1. Looking at this structure, is Ala42 part of a loop (DSSP other than H, G, I, E, B) and surrounded by fewer than 18 Cβ atoms within 10 Å (Cβ to Cβ)?
2. Need pairs with beta-carbon distance below 7 Å; first residue under 13 Å from Ala105 (Cα atoms) and of a type outside the set (Ser, Thr, Tyr) and within region 125-141, second open to solvent by 60 Å² or more (accessible area, probe 1.4 Å) and at pLDDT 95 or above; sequence gap 6+ or separate chains.
3. Restricting to region 1-11, and then to whatever is under 17 Å from the mean Cα position of the chain (by Cα) and open to solvent by 10 Å² or more (accessible area, probe 1.4 Å), can you tell me which residue is nearest to Val37 (Cα to Cα)?
4. Can you tell me how many residues within region 76-89 are of a type in the set (Val, Ile, Thr) and open to solvent by 60 Å² or more (accessible area, probe 1.4 Å)?
5. Pairs under 8 Å by beta carbon, first residue farther than 19 Å from Leu115 by Cβ in region 77-89, partner surrounded by fewer than 18 Cβ atoms within 10 Å (Cβ to Cβ), six or more apart or different chains?
6. Could you tell me which numbered condition Gly195 fails, if it satisfies all but one of (1) open to solvent by less than 10 Å² (accessible area, probe 1.4 Å); (2) within 19 Å of the chain's Cα centre (by Cα)?
7. Out of the residues in region 47-75 that are in contact (Cβ under 8 Å) with a residue 12 or more places away in the chain, open to solvent by 20 Å² or more (accessible area, probe 1.4 Å) and polar (S, T, N, Q), which is farthest from Val28 (Cα to Cα)?
Amino acid sequence: MEGLTILGSTGSIGVQACDVVRMHGLRVVALTGYRNVSLLEAQSREFRPSAVAASEECYSDLKLRLADTDIKVLPCGEINAIAACTGDTVLNAITGFAGFLPSLAAVKAGKTLALANKESMVSGGDIVNRAAEAAGAKIIPVDSEHSAIYQCLDGNRIKKILLTASGGPFFGLTAEQLRSVTPERALAHPVWNMGKRVTVDSATLMNKGLELIEAVKLFGVSPDRVEVLVHRQSVVHSMVEYEDNVVIAQCGVPDMRTCIQYALTTPVRRSSPAAELDFASVAELTFARPDEETFPLLSLCREAVTRGGNLPAAVNAADEEAVAAFISGKTSFTGIFGLVRSAYEKTVFIPDPGPEEIIETDLAARQSVREDISR
């Protein structure tokens, strides 16, 4: 690696990526954060990148803080240029749809894209894939499940992808019990330490629906060849079944630094900051099919990616808006389901959208959710 750019360095994935950078002495050439100026300043002083970027409202503060350095400080409006112009590897750890255009910029520039921003593939996967193929860019997934699948690939034709899910904190609850769920309960994930939106999505199983869409786009399989299994122990991170019915699994302790490190150092495997998995201490490994009637967003995502076009972008945008409304107390936990379904059904279908149409779809779905909430 000649140089690493971390987009979203102050978020959960970005902070864990810094652990990997420290352990292996990787060279960081650019960092972008958002509003956590103190952390971004500390990271900048530690790794000495050529450029850093913060949100427009925090940009002046960061520039003043780093005035005694030769680091170029930019507003986040320059993030697409940063993705395209710095380093040979870009780790996109931005949360939400905001990561789509930086991913597109990175692959158009021929970079290796270590992708933790699933929305890039969910909303515009076909666009990103075409741009990567045209530029000879490589996409390496960072999501634990997709990293696992990537590591299990051996060049043979896949019969089925077995996508594992922790089941979130409400596995086994009824629809009636879900109606009283509070944001505090939804944000208490039993295994993973993630950002707020991803944590709530895990509780609704929307995260697994988005990961199903991502798997379809990343690995070129049809939706009916992606099976979701609830695996409460989070030891098996996903599996691949081949034509001969042999299943290969990737296992490990639940630690995102493993996936981040693999994306940044593959094909070489190095010592890891994650703990070693002790199989003797694992009491059992269980697998179950998800309850798609109680958690309907998973089947909605499968429907959206089966129909294709701009519909995955619509469900992603609607969910992002609905989850924000739930966290702020404007809708209930089960209200998220109806808001996303409503926005999806109102979406004008575009079979082969371009980037501008994806952005328009995103904005329209968000507006639909806001209007439904106001009513």
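The values are calculated or read from the model by the stated rules, or taken from the named source; none is laboratory data. Bear in mind that the values here come from a model prediction, so they are computed numbers and not experimental data. Methodologically, a virtual Cβ is constructed for each residue, glycine included, from the backbone with ideal geometry; neighbour enumeration extends over all protein chains shown. Each accessible area value is taken on the protein alone, full model and side chains, heavy atoms only, with ligands, DNA and RNA left out. Shrake-Rupley method; radii C 1.70, N 1.55, O 1.52, S 1.80 Å.
1. Values: part of a loop (DSSP other than H, G, I, E, B): no; surrounded by fewer than 18 Cβ atoms within 10 Å (Cβ to Cβ): yes.
No; evaluated as a whole, the condition is false for this residue.
2. Ala131/Lys108; Ala135/Lys108
3. Among those residues, the one meeting the criterion is Thr10.
4. Start the filter on region 76-89 by keeping residues that are of a type in the set (Val, Ile, Thr), which leaves 79, 82, 86, 89.
Narrowing further to those that are open to solvent by 60 Å² or more (accessible area, probe 1.4 Å): none.
Number of matching residues: 0.
5. What qualifies is Gly77/Glu56.
6. (1)
7. For region 47-75, the residue satisfying everything is Thr69.
Residues are listed down the side, and each one gets a yes or a no for (1) in contact with an Asp or Glu (Cβ under 9 Å, 6 or more places away or on another chain); (2) modelled with pLDDT under 95; (3) open to solvent by less than 30 Å² (accessible area, probe 1.4 Å):
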{"position": "Ala135", "(1), (2), (3)": "no, no, no"}
{"position": "Lys138", "(1), (2), (3)": "no, no, no"}
{"position": "Ala148", "(1), (2), (3)": "no, no, yes"}
{"position": "Ala165", "(1), (2), (3)": "yes, no, yes"}
{"position": "Thr182", "(1), (2), (3)": "no, no, no"}
